[in-house]
Structure formats: structure tokens, C-alpha cells
Amino acid sequence: MKIKEALKITDSFTKTSKMPGLSYSLPAWECKTGWKLAQVPGTPCFSCYAKKGNYTRYPAIKAAQYRRLKAIDNPLWVQAMAAKIKNQKWFRWHDAGDVQSSEHMQKILEVCRLTPETRHWLPTQERQFLPAPEEVPANLVIRLSRSKIDGPASSAWSHESGVTTGEARTCPAPDQSGQCKDCRQCWDKDVQVVVYGKH
């Protein structure tokens with residue numbers, strides 16, 4: 001499938017100034033677990049960055065997110081996503097939004113299998129949609145997000161991420177003009193936990 005044809009199915013991808021490579025943005029308003037956590041003070045989702053700033057300032061951004069959400073149901077979505085991603089060295093799933101269903105998760109796993117040269121990172125709050133560990137391709141790191149800021153570590157999944165207000169931060173971005181630069185902890189399966197500073 002040609003890139004031009006693929007983009008007609010997937011809609012546009014996002015390129016953040018902080019991270020290497022492309023990412024795929026869905027509407028944060030449609031998060032399953034995240035929407036519930038957004039009502040609870042002390043959770044990362046309570047002050048979700050994807051529900052403010054440019055995500056709400058420009059109506060076209062939100063409209064594109066909903067087109068991408070709808071696109072997941074297209075029978076050619078997996079093939080189209082793989083066609084667009086295959087030339088990327090690094091890819092992040094969902095700089096906004098999250099996994100919608102077990103079927104959606106399985107499609108993501110298949111995209112990763114079809115793009116073995118790409119390193120994929122998927123942060124998620126959706127515990128109920130996690131696959132069996134043996135289903136996760138070698139080029140994908142799924143990081144289960146802690147549901148509380150400054151929350152304890154969890155043994156529910158092999159890799160996780162958290163948000164802190166203290167000194168436990170391991171993400172160097174705040175010390176690097178808000179950019180990953182040469183850090184790739186989030187994509188590294190040897191790094192079990194990544195902790196971000198609250199912002």
C-alpha cells in the first residue's frame with residue numbers, strides 16, 4: 001500500500017517537538033479508564049494535557065482525532081498503519097487518547113509485527129485490554145501507567161510508568177528543554193519503570 005493511500009485510511013499522524021519519530025493521537029475524551037480517572041484529583045488524568053492547549057485551541061486537531069478513532073474500524077487500518085510506520089525508527093502510540101478495546105489492542109500488536117524495524121512504545125491506563133505477555137512483539141514496549149500521582153509501583157505488568165511531584169523522576173526531558181534528545185528509556189525493554197515529573 002502506498003503512503004498516500006494509507007493516509008486516506010489512517011488520517012494524519014502527529015509529530016511532537018519533544019519526541020523522535022511520529023505518534024498517533026486519539027481524542028482523550030474517549031479514554032475508557034482515563035475518563036473516569038479524570039474526575040479524580042491526584043491522578044495523572046485529572047489535569048490531562050491532552051484536554052487543553054493546542055488540543056482544544058484548534059478545532060481541526062480534535063476533528064482529526066475523531067477521524068482517527070473512526071478509522072480503527074476500517075478493515076484496512078492495520079495494513080495502512082504499517083505502511084505509514086514502517087520507515088520510522090521510533091513510534092509512540094497515543095500522545096493523546098488510549099486503547100479503545102481488546103480488538104484495538106490486537107490490531108496494534110499486528111501493526112508492530114508488520115513493522116519489525118520500528119521500535120514501538122505504548123503507554124496505557126487500560127489494564128482490561130492488556131494482551132497476554134507472550135503476545136507482545138519484541139519491538140513493542142507496553143507501559144502500564146500508574147493511576148495515582150506519586151503512586152506505588154505495581155506488579156500487574158512487566159513495564160510501567162508513573163508521575164511524581166518529588167525526586168523520583170527518571171525522565172530527563174525537563175533538564176533538556178522538554179525534549180527526549182538521545183534518551184530512549186520509554187522504548188527500552190530493559191528499563192522496567194519510567195517516572196515523569198508532573199507538568
(request) Treat the count of other C-beta atoms within 10 Å as a stand-in for reagent exposure and order Tyr24, Tyr196, Tyr66 from fewest to most. (result) Tyr66, Tyr196, Tyr24
(message) Rounded to the nearest 20 debye, what is the charge dipole size of region 3-142 about its Cα centre when +1 sits on each Lys and Arg Cβ and -1 on each Asp and Glu Cβ?
(response) 600 debye
(request) For Lys2, list the aspartates and glutamates whose Cα falls under 17 Å from its own Cα; do not include residues on the same chain fewer than 8 positions away. (result) Asp11
(message) Using +1 at the C-beta of Lys and Arg and -1 at the C-beta of Asp and Glu, which of Cys45, Gly178, Tyr196 has the Cα lying farthest in the positive direction of the dipole of the chain?
(response) Gly178
(request) Anything over 24 Å Cα to Cα? Flag those among Lys70/Lys189; Lys18/Lys62; Lys15/Lys36; Lys86/Lys107; Lys36/Lys89, in the order listed. (result) Lys70/Lys189; Lys15/Lys36; Lys36/Lys89
(request) Alpha carbons only, please: Rg and Dmax for region 3-142, in angstrom. (result) 14.5, 43
(message) For the chain, what does the relative contact order come out to in percent, with C-alpha contacts under 8 Å and a separation of six or more?
(response) 21 percent
(request) Treating the angle as unsigned and between 0 and 90°, give the value, to the nearest 10°, between the Cα long axis of helix 59-71 and the longest Cα principal axis of the chain. (result) 70 degrees
(message) I need Leu7, Leu140, Leu37 ordered by Cβ neighbour count within 10 Å, fewest first.
(response) Leu7, Leu37, Leu140
(message) If R₀ is 45 angstrom, what is the calculated FRET efficiency for the pair Glu167 and Arg127, using the beta carbon separation as r and rounding to 0.05?
(response) 0.95
(request) Divide by every residue of the chain the summed helix terms, -39500 (n - 2.57) for each DSSP H run of at least 4, and state the resulting mean residue ellipticity at 222 nm, rounded to the nearest 500 deg cm²/dmol. (result) -7500 deg cm²/dmol
(request) Grab the beta carbon distance between Lys198 and Glu5, set R0 = 30 Å, and tell me the FRET efficiency rounded to 0.05. (result) 0.15
(request) Provide Asp11, Asp73, Asp150 in ascending order of the number of other Cβ atoms located within 10 Å of each residue's Cβ, fewest first. (result) Asp73, Asp150, Asp11
(message) For a quick check of your reading of the filter: which GluC sites (Glu not before Pro) in region 99-141 sit in a DSSP loop and have no more than 14 other Cβ atoms within 10 Å?
(response) Glu117
(message) Suppose each label sits 7 Å from its Cα in the direction of the beta carbon; what would the Asp188-Lys15 distance come out to in nanometres?
(response) 2.6 nm
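Read-outs: derived from the displayed coordinates by stated rules, not from any lab. No experiment lies behind these values; they were computed from the predicted model shown. Reconstructed Cβ throughout: ideal geometry from the backbone, glycine too, with neighbour counts over all protein chains shown.
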